[in-house]
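Participant: Quick one: the structure is below, and I'll ask about it shortly.
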Amino acid sequence: MLFCRLMPMVFLLSATMLVPPALAAAPEPANVLHNKSNPVEPAQTGHVDSQAFLRGIVAVHLGDDLEAAQAYNTALQADPANMDLLRQAFVRNIMAGNPQAVELARQVDKNIPSRSVVSAMVLGNDAAVRGAWPDAVQYYHRAGADPMAHLILPLLLAWCQQAQGHADAAIESLLHAQTSVLQPFYTLHAGIIAQVAGQSERAGALFEQAQKIMPGYDMLLTRSYAAWLWAHGKQDKARTVIRKLVETDAVLALAGPALQANIAHYPVTSPQAGIARGYVLTAFLLRQQAREQAQQATNPENGAFNQLQFNEAARLMLGFALAMDPTLADARLMLAEIQDDEQHFNAARQTLERVPPQDPLAAVATLRLAVLESANDHPADAIPLLRHLAEQVPGQIIIERELGSALSQTKDWQGAIAAYSRAIDLANAQKRPDWTLLFLRGMAYHEAGDWPHAKADARAALAYAPDDSFLLNFLGYSMAEQHEDLNEAEKLLQKAHALDAQDAAITDSLGWVRVERGDLAGGLPLLEKAAEQTPEDPEVNYHLGEAYWRAGRRTEAVDQWNMALGLHPSPADEALIRAALQKAGVPATTSGAQATPVPAQPAPEQGKHTP
């Protein structure tokens, strides 16, 4: 069995950090959100525009916040006294980044005081954008009653103080919050506030202090500190700081050249931008908490619902961030990740396409977009993105790997082999050989009909990973397919089966090689078990039918082949199945119904098949 799988890719905007049990409760902002899995019919207080309301529900399910906002706005215009519609329109306008969210916030604030946390934050943000800082402080204080908002309240208030000329007070307020889980980030923002206020020496000291207590590499801290070092004549150290950041993540490495080119620019230069970063941090915390709760959930359904609620709250915070700073790439990358997790492909694509091309993280966004296209069966759209990216940021293993995967999806095996070969050469040149690249190229060689090179790559990969069950299965099964050293093939597959006895593909492979060796008693039970585990796999059904035929169980063999034919096999497998049915002397029914075969010679004991 061959498994062409894209390697999972995760882009972390900040260092992984532990969130204490105090954050285990779902945040209050999620309580005002529209329930996507079970939308509530608004209470009819007047004329209801049902068409607009239903359009809004569909848009929410598709993750299209802009369309949802427009639909709910239309429905609300027809029934302005409907509080359910008001809440739904309000939240979707925030997530869509519509300015109308501010006016809706005023209506929510006036009509639904018990649920005014989110409206208070929207109104606070609006005041901050307008420079009405005393009003912003008033609104932020009111929102601080919420547990999650309370965490970033010191950041919001500190930036308001800085904007009003009280940088010293703002810095001291953050430095006194030393017991918080956010201490490293409070210290970082204190340093940024000092820099924005012109207190350069103090900013440098705070950046260094934040580095010492940060639980890992943080992009905002690294970029801020590098800019500070550059401004103070420490260019070599500044470049080293950026280089160490991008070396921690293969995806982030794509941004390395652009980050170096923009090294002299501070990422935050205004109070509004500082507040936007605070909201990105909050969204990150919510995402972390969602993952932890999903792992700990004993009921998968409850875990999925909790994750949905956390994701909604995180999207809300990212909506706040983008309202403050529409060009913020960090927010767009995280938002696209959430949308992708929720299988909102088009929404994620649009979010990534809005990352400004001049942003240092634009290359990361392009790669994420290409991976998104490939993962959603659009490899033809991913290929030009990856080729363009390879020209912009040459010498990156991850680009060539993803290009190889996309080309494999289009069955351009020679193109895939070339891309994987470039990736292998780059890995070897960096003295970081990667056996998975050999495995992927080996599969491409196999599909291209070049067994000698496929076998060479598989054996080379096996030298690095002798206990990888997928690799053992690939090599052992392919050897059985080629009818090459079946004794060794069985040994490889026995080892794979010992490592992962529950994998149906491995069970099938081991059963098949035993049948090919003439060991029906040892192979047939394994093939039957594999068919029970994956009853809709045409290849497994073909194998089982062949084993039945060789065992003289002709009717059962024909049933299995007809069943396999009805499961949309690959062209190569379909040819084998039809040949088997022709050998049995019965027409193909594709229904799995029993058919009575006419006498025929059994298949040769040493038959072949194509995976």
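The values are calculated or read from the model by the stated rules, or taken from the named source; none is laboratory data. Owing to the predicted nature of the structure, the values given are computational and were not obtained by experimental measurement. Neighbour counts run over all protein chains shown; Cβ positions are idealised from the backbone, glycine included. These area figures cover heavy atoms from the full protein model, side chains too; ligands, DNA and RNA do not enter into them. Shrake-Rupley method; radii C 1.70, N 1.55, O 1.52, S 1.80 Å.
Participant: Exactly one condition in (1) touching a helix residue (DSSP H, G or I) at 6+ places or on another chain (Cβ under 8 Å); (2) in a loop (DSSP other than H, G, I, E, B); (3) more than 17 Å from Ala250 (Cα to Cα); (4) not basic (Lys, Arg) is false for Phe439; which is it?
Facilitator: With respect to (1) touching a helix residue (DSSP H, G or I) at 6+ places or on another chain (Cβ under 8 Å); (2) in a loop (DSSP other than H, G, I, E, B); (3) more than 17 Å from Ala250 (Cα to Cα); (4) not basic (Lys, Arg), Phe439 is out only on (2).
Participant: Would a scan of region 545-564 turn up a residue that is within 26 Å of Lys411 (Cα to Cα) and in contact (Cβ under 8 Å) with a residue 12 or more places away in the chain?
Facilitator: The answer is yes; a qualifying residue exists.
Participant: Separate question: Restricting attention to region 186-227, and to residues there that are modelled with pLDDT under 95 and among the charged types (D, E, K, R), which single residue is farthest from the chain's Cα centre (by Cα)?
Facilitator: It comes out as Lys212.
Participant: For region 455-498, which residues satisfy the criterion of being closer than 22 Å to Gln409 by Cβ and either without any contact (Cβ under 8 Å) to a residue 12 or more places away in the chain or in contact with a Leu (Cβ under 9 Å, 6 or more places away or on another chain) (or both)?
Facilitator: Hits for region 455-498 are Asp457, Ala458, Ala461, Leu471, Asn473, Phe474, Tyr477, Ser478.
A quick yes/no check of all residues on (1) surrounded by 16 or more Cβ atoms within 10 Å (Cβ to Cβ); (2) in contact with a helix residue (DSSP H, G or I) (Cβ under 6 Å, 6 or more places away or on another chain); (3) in a helix (DSSP H, G or I):
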| site | (1), (2), (3) |
| --- | --- |
| Ser173 | yes, yes, yes |
| Ala194 | yes, yes, yes |
| Ala205 | no, no, yes |
| Gly216 | no, no, no |
| Lys244 | no, no, yes |
| Ala253 | yes, yes, yes |
| Ile275 | yes, yes, yes |
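Participant: Evaluate the following for Val371: is it buried (at least 20 other Cβ atoms within 10 Å of the Cβ), out of contact with any Pro (no Cβ under 6 Å at 6 or more places or on another chain) and more than 30 Å from Ala190 (Cα to Cα)?
Facilitator: It is true that Val371 is buried (at least 20 other Cβ atoms within 10 Å of the Cβ), out of contact with any Pro (no Cβ under 6 Å at 6 or more places or on another chain) and more than 30 Å from Ala190 (Cα to Cα).
Participant: Keeping to region 348-363, report how many residues are touching a residue at least 24 places away in the same chain (Cβ under 8 Å), part of a helix (DSSP H, G or I) and surrounded by 23 or more Cβ atoms within 10 Å (Cβ to Cβ).
Facilitator: 2
Participant: Would you pick out the residues in region 139-158 that are modelled with pLDDT under 95, open to solvent by 10 Å² or more (accessible area, probe 1.4 Å) and part of a helix (DSSP H, G or I)?
Facilitator: Within region 139-158, Tyr139, His141, Arg142, Pro147, Met148, His150, Leu151, Leu153, Pro154 qualify.
Participant: Does Phe310 satisfy the condition of being touching a Pro at 6+ places or on another chain (Cβ under 8 Å) and either open to solvent by 10 Å² or more (accessible area, probe 1.4 Å) or in contact (Cβ under 8 Å) with a residue 12 or more places away in the chain (or both)?
Facilitator: yes
Participant: A further question on this structure: Go through (1) outside any helix (DSSP H, G or I); (2) over 30 Å from the mean Cα position of the chain (by Cα) one by one and return the number of the condition Trp230 breaks.
Facilitator: Every condition holds for Trp230 apart from (1).
Participant: Something else about it: Could you give me the residue pairs with C-beta distances under 6 Å whose first residue belongs to region 281-293 and is under 20 Å from Met219 (Cα atoms), whose second residue is of a type outside the set (A, V, I, L, M) wherever it lies, and which are 6+ apart or on separate chains?
Facilitator: Sorted first by the residue in region 281-293, then by its partner, the pairs are Leu281/Phe185; Phe284/Ser14; Leu286/Phe310.
Participant: Additional query: List the number of the failed condition for Gln178; all other conditions in (1) open to solvent by less than 60 Å² (accessible area, probe 1.4 Å); (2) modelled with pLDDT under 95 hold.
Facilitator: (1)
Participant: Given (1) touching a residue at least 24 places away in the same chain (Cβ under 8 Å); (2) assigned to a helix (DSSP H, G or I); (3) not small (Gly, Ala, Ser), identify the lone condition not met by Asn428.
Facilitator: Single failed check for Asn428: (1).
Participant: For region 282-292, does any single residue satisfy the condition of being of a type in the set (Ser, Thr, Tyr), open to solvent by less than 10 Å² (accessible area, probe 1.4 Å), within 27 Å of Cys160 (Cα to Cα) and at pLDDT below 95?
Facilitator: Yes: region 282-292 contains one or more residues that are of a type in the set (Ser, Thr, Tyr), open to solvent by less than 10 Å² (accessible area, probe 1.4 Å), within 27 Å of Cys160 (Cα to Cα) and at pLDDT below 95.
Participant: Another one. Condition first: free of Cβ contacts under 8 Å to residues at least 24 places away in the same chain, open to solvent by less than 10 Å² (accessible area, probe 1.4 Å), aliphatic (A, V, I, L, M) and part of a helix (DSSP H, G or I). Can you find one or more residues in region 234-242 that meet it?
Facilitator: Yes: region 234-242 contains one or more residues that are free of Cβ contacts under 8 Å to residues at least 24 places away in the same chain, open to solvent by less than 10 Å² (accessible area, probe 1.4 Å), aliphatic (A, V, I, L, M) and part of a helix (DSSP H, G or I).
Participant: Tally time: how many residues in region 255-273 are open to solvent by 60 Å² or more (accessible area, probe 1.4 Å) and among the polar types (S, T, N, Q)?
Facilitator: 1
Participant: Something else now. Being at pLDDT 95 or above and among the polar types (S, T, N, Q): is that true of Gln183 here?
Facilitator: no
Participant: Does Ala572 qualify as being within 23 Å of Gln494 (Cβ to Cβ), open to solvent by 20 Å² or more (accessible area, probe 1.4 Å), among the hydrophobic types (A, V, I, L, M, F, W, C) and part of a helix (DSSP H, G or I)?
Facilitator: Judged against the criteria, Ala572 is not a match.
Participant: Considering only residues of region 516-539 that are in a helix (DSSP H, G or I) and in contact with a Leu (Cβ under 7 Å, 6 or more places away or on another chain), which is nearest to Ala575 (Cα to Cα)?
Facilitator: Only one residue fits best here, namely Pro538.
Participant: Search region 98-138 for residues being of a type in the set (Asp, Glu) and crowded, with 16+ Cβ neighbours inside 10 Å, and hand back the single one that is farthest from the chain's Cα centre (by Cα).
Facilitator: Applying the filter and picking the extreme gives Asp135.
Participant: Is there a residue in region 249-256 that is among the aliphatic types (A, V, I, L, M) and modelled with pLDDT of 95 or more?
Facilitator: Yes, there is a match, as at least one residue in region 249-256 is among the aliphatic types (A, V, I, L, M) and modelled with pLDDT of 95 or more.
Participant: A follow-up question, please. Take the residues in region 442-493 that are more than 31 Å from the chain's Cα centre (by Cα), polar (S, T, N, Q) and part of a helix (DSSP H, G or I); name whichever of them is surrounded by the most Cβ atoms within 10 Å (Cβ to Cβ).
Facilitator: Restricting to residues being more than 31 Å from the chain's Cα centre (by Cα), polar (S, T, N, Q) and part of a helix (DSSP H, G or I), the top hit is Ser478.
Participant: Something else: Taking region 377-404 only, how many residues are open to solvent by 10 Å² or more (accessible area, probe 1.4 Å), in a helix (DSSP H, G or I) and of a type in the set (Asp, Glu)?
Facilitator: Summing the residues that are open to solvent by 10 Å² or more (accessible area, probe 1.4 Å), in a helix (DSSP H, G or I) and of a type in the set (Asp, Glu) in region 377-404 gives 3.
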